[in-house]
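Novice: Just passing along the structure, written as structure tokens.
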Amino acid sequence: MNIIVVKDSIAGGKKASELFCDACASGAKVFGLATGSTPVTTYQYLVKSKIDFSNCISVNLDEYVGLKPTDEQSYRYYMEKNLFEFKPFKKSYLPEGSAVDPEEEVKRYDQVITANPIDLQLLGIGRNGHIGFNEPGSSFDLTTHKVALTPSTIEANARFFENEKDVPKYAYSMGIGSIMKSKSIILEAFGENKAVAVAKMIEGPVTEECPASVLQRHANVTVIVDEAAAAKLKK
Ligand code: PGA
């Protein structure tokens with residue numbers, strides 16, 4: 001793993017956006033994207049950059065089950081407001097939260113991922129070590145699946161909703177098996193509440209109890225952490 005320690009999330013977003021621009025210049029066409037508070041600065045820098053995604057494809061990690069694309073809490077809405085309205089892609093895929101048939105939806109999304117192999121995948125990390133919505137205990141072999149969110153994830157995401165009870169209890173998530181097929185990965189983590197997860201991911205054993213630890217087995221991972229998130233690393 002290539003570890004880059006930066007001062008804060010602003011510097012981290014700048015660095016990640018530079019890596020996106022480099023990848024684009026080298027011919028990357030399919031970008032795996034993430035939501036949450038972590039990638040916001042990356043998208044801000046991309047919006048300000050000269051990058052042109054109009055010939056590129058984006059494939060997002062996850063979406064809440066039950067939310068429509070127009071719901072303000074949906075990840076589709078987040079992506080539109082943070083990136084797509086300013087930097088449109090030729091085609092942008094996310095799981096469809098309001099799909100009527102969950103089994104069909106996970107099949108459809110797997111076909112999307114298979115047809116569009118990801119050149120560069122952006123990831124955040126949960127306080128419990130999740131990547132996408134692959135919660136602790138998720139098999140490393142999984143493809144797209146419907147997940148029951150853990151209480152810690154529901155609590156962490158409650159800040160985006162008026163009431164904790166409004167946080168959806170299920171999500172569709174790209175599986176770890178699919179994430180690991182990305183040619184390259186950038187994982188960002190900012191703030192002290194990510195420090196334990198970051199240390200386990202980088203220096204702990206590879207275990208399904210810390211889903212992000214699987215990234216130790218990937219040949220091309222760059223971790224961008226701020227000083228607070230790096231605080232529990234031994235090296
Ligand atoms: P956050 O979420 O960026 O909102 O901290 C990251 C994650 O849960 O993967």
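The values are calculated or read from the model by the stated rules, or taken from the named source; none is laboratory data. Remember, predicted model here, so these are calculated numbers, not experimental data. As a convention, Cβ positions derive from the backbone with ideal geometry for all residues, glycine included, and neighbour counts pool all protein chains shown. These accessible areas exclude ligands, DNA and RNA; they are computed on the full protein's heavy atoms, side chains included. Shrake-Rupley method; radii C 1.70, N 1.55, O 1.52, S 1.80 Å.
Novice: From the list Ser182, Ser178, which one is over 16 Å from Cys210 (Cβ atoms), assigned to a loop (DSSP other than H, G, I, E, B) and of a type in the set (Gly, Ala, Ser)? Talk me through it step by step, then tell me what you get.
Specialist: Details: Ser178 fails: assigned to a loop (DSSP other than H, G, I, E, B).
Of Ser182, Ser178, the one residue that is over 16 Å from Cys210 (Cβ atoms), assigned to a loop (DSSP other than H, G, I, E, B) and of a type in the set (Gly, Ala, Ser) is Ser182.
Novice: Check whether at least one residue in segment 173-191 is within 16 Å of the ligand (Cβ to nearest atom), of a type in the set (Phe, Trp, Tyr) and in contact with a Phe, Trp or Tyr (Cβ under 9 Å, 6 or more places away or on another chain), and report yes or no.
Specialist: no
Novice: Between Phe31, Phe53, Phe20, which is touching a helix residue (DSSP H, G or I) at 6+ places or on another chain (Cβ under 8 Å), surrounded by fewer than 21 Cβ atoms within 10 Å (Cβ to Cβ) and within 17 Å of Met79 (Cβ to Cβ)? I'd like the intermediate steps shown before the answer.
Specialist: Working: Phe31 fails: surrounded by fewer than 21 Cβ atoms within 10 Å (Cβ to Cβ); Phe20 fails: surrounded by fewer than 21 Cβ atoms within 10 Å (Cβ to Cβ).
Step by step, each of Phe31, Phe53, Phe20 is checked, and only Phe53 is touching a helix residue (DSSP H, G or I) at 6+ places or on another chain (Cβ under 8 Å), surrounded by fewer than 21 Cβ atoms within 10 Å (Cβ to Cβ) and within 17 Å of Met79 (Cβ to Cβ).
Novice: Out of curiosity, is Asn82 farther than 23 Å from Leu19 by Cβ, open to solvent by less than 80 Å² (accessible area, probe 1.4 Å) and within 16 Å of the ligand (Cβ to nearest atom)?
Specialist: So Asn82 does not fit the description; no.
Novice: Within segment 189-200, can one find any residue that is part of a loop (DSSP other than H, G, I, E, B), of a type outside the set (Lys, Arg) and closer than 24 Å to Val40 by Cβ?
Specialist: Of the residues in segment 189-200, the ones part of a loop (DSSP other than H, G, I, E, B) are 190-191.
Now drop any that are not of a type outside the set (Lys, Arg), which leaves 190-191.
Add one more test, that the residue is closer than 24 Å to Val40 by Cβ, and what stays is 190-191.
There is at least one residue in segment 189-200 that is part of a loop (DSSP other than H, G, I, E, B), of a type outside the set (Lys, Arg) and closer than 24 Å to Val40 by Cβ.
This table checks each residue for (1) touching a residue at least 24 places away in the same chain (Cβ under 8 Å); (2) closer than 29 Å to Ser26 by Cβ; (3) outside any helix (DSSP H, G or I).
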site	(1), (2), (3)
Lys165	no, no, no
Tyr172	yes, no, yes
Gln216	yes, yes, no
Val225	yes, yes, yes
Ala231	yes, no, yes
